[in-house]
Amino acid sequence: MCSSTQPDYASRVPRFAFGNALDEQEAQLKSNPLVARFAESRRKMAGDPYRPIHHYVNPEGRLNDPNGLCFWKGRWHLFYQAYPPEDPRQHWGHAVSEDLVHWRDLPYAIYPNPEEKCFSGSTLVEEDRVIAMYHGVSAGSMVAVSSDPLLLNWEKVTGETVMPSPKEGEPKLPYNVFDPCIWKKDGVYYALTAGTQPTGPGGKRVRAWFLHRSKDLATWEYLHPFAEDDQYSLVGDDGACPYFWPIGDRHILLHFSHMSGGKYLVGDYDRKRDKFVVTSGGDFNHGSVAPAGVHAPSATPDGKGGIVVLFNMNPGKPTHGWDQIMTLPRRLTLTDKDTVDVEPAGDIESLRCDHQHIKAMKLPANQDVVLENVRGNSAEIIAEIDPKTAPMVEMNVLRSPKGEERTRIMFYKERGYVDRSRGIGDRYSAISIDSSYSSILPDVRSRAPETADVLVGKDEPLRLRVFIDRSIVEVFVNGRQCLAQRVYPGRKDSIGVSLRSQGQDAMLTSLDAWQLKSIYD
């Protein structure tokens, strides 16, 4: 129970109790007022030209970090920071999917009180229940559990914070209380809390994670800082929204820096010392997180040695009644000791219709080749290109007939950095999304070109898998890199696609395109 001095943070959002059998829950959801309200809200916003239809967008209000992605009883569950209209403090929103593509809205899962707001956290799936651990603003780390088929009923362990934030005037703690993640080892629960410590150059702050353990979820013991040999950050980064999971025969720590965006570390989990020994790291966004960039991750094992992760993305234009969106789910795998590959996850192929195929053709130097039959603002394109000796090849999407608006996807063969970490190393190529000409609208905030390195073999073709969804362009490159940007074409005829080879001829080996149906139909 809350003490008499504890503020009353009870939510004004309607809350419902559900049965514990799946048939009973499904019957209750059919007449649930929140589910009906979500459906009506989706219907009203369906006409917004920038609201995606095959990327998940919450049904009402604002959206922030995805939380607690997990797989439970044959279904994927996505939670996220939601802002209900009658009480716009963070609650945990909730959606469920059987294929990681078609999502169904469920009622809000976790409500504030005794905490003021429900911030980010992760979940741990046990045999008989799911555990959510998250940051409760003004309280500390919170733990809630659910065991019903659709994870509709949640109960907070102890009813209070299990890892209190320091109060004003109290001694400073040796760790941060913020954004936790949770796992289990040898029958004991472990948790990281995110933050920084002043151990960088000149006493500047650098990211850190602080390890705790518990036998019962209610009482936690602090151990020590978790990561060793972490040289893969910028001075000033923090370690928010951590997710620590096995990948292949190693471990990965995904997280978010409020300074430089979504990131990951790969290394070895020293189970005797309870330390994470870092050997590699990388980025999920390549520029600032706002405007229009990738934000924070939510991740879970896929049961096959890989990791499924998705991110929220920030807006680049004001939109009425909503703002952020989710990326497509991505599957991360480890192909050698330190290399993380990335591909789309889920049954995206089920959305395809209206297939178009383009046969092999030459791309003459310095000419825009418009693909007349490949068009659309909700589409998937798979292209294989042999750049030959061209210094740059380019695909334009969301292109107006004369190119006044266009989003450029550019590939620079062997124009990236040289990896000298193990000697001479390989020269990487570079992939870039440029939204400088994506919109003629005066209120759109374009971002600097999003550019990343990708290793493509000397005789290996460029393989692009591009997803276009009204206000997002997401590009997967040879299964090894992914870029995404929010874009907002102002012209209704900005739906075209063109190719270009700069300086010298290149070759289009093949191209297939599909229109993609709505995941809500």
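No lab work stands behind these numbers, since they all come straight from the coordinates. If you're wondering where the values come from, they're calculated on a predicted model, not measured in any experiment. Here Cβ is always computed from backbone atoms with ideal geometry, including for glycine, and neighbour counts include all displayed protein chains.
Just a few scattered comments:
- Length available on full extension from residue 231 to residue 42: 0.36 nm per residue minus the Cα-Cα distance, which gives 63.6 nm.
- Listed by chain and number, the lysines whose C-alpha is less than 22 Å from the C-alpha of residue 402, apart from same-chain residues fewer than 8 away, are 362, 492.
- Three-way shape label, segment 350-516, alpha-carbon gyration tensor, a/c 1.5: prolate
- The order of 482, 353, going from fewest to most other C-beta atoms within 10 Å of their C-beta, is 353, 482.
- Order of 98, 372 under a 10 Å beta carbon neighbour criterion, fewest first: 372, 98
- MRE, 222 nm, helices only [DSSP H, n ≥ 4, -39500 (n - 2.57), over the chain, to nearest 500]: -1500 deg cm²/dmol
- In the set (i) 1.21; (ii) 1.08; (iii) 0.99, the label that goes with Cα Rg over 2.2 N^0.38 Å computed for this structure is (iii).
- With neighbour counts taken as other beta-carbon atoms within 10 Å, the residues 259, 313, 326 rank, fewest first, as 259, 326, 313.
- A simple count of charges around residue 265, restricted to other residues whose Cβ falls under 12 Å of its Cβ and scoring Lys, Arg +1 and Asp, Glu -1, yields -4.
- By definition, a body whose alpha carbon gyration tensor gives a ≥ b ≥ c is oblate when a/c is 1.5 or more and a/b is not larger than b/c, and segment 1-94 fits this oblate description.
- Restriction of the trypsin sites (Lys or Arg not before Pro) in segment 1-104 to DSSP coil positions whose beta-carbon has at most 14 other beta-carbons within 10 angstrom yields 12, 15, 73.
- Relative contact order (percent, whole number), segment 350-516, Cα cutoff 8 Å, 6+ residue spacing: 43
- In the structure shown, the pairs 167/204; 388/458; 204/275; 73/117 are assessed against 21 Å; a Cα-Cα span above that value is assigned to 167/204; 204/275; 73/117.
- For the chain, the longest principal axis of the alpha carbon atoms and the long axis of helix 33-45 meet at an angle near 20°.
- The mean sequence separation of alpha-carbon pairs under 8 Å and at least six residues apart, normalised by the residue count of the chain, gives a relative contact order of 13 percent.
- Taking a straight Cα-Cα cut-off under 23 Å and skipping sequence neighbours fewer than 8 places away in the same chain, the lysines within cross-link reach of residue 272 are 184, 185, 215, 337.
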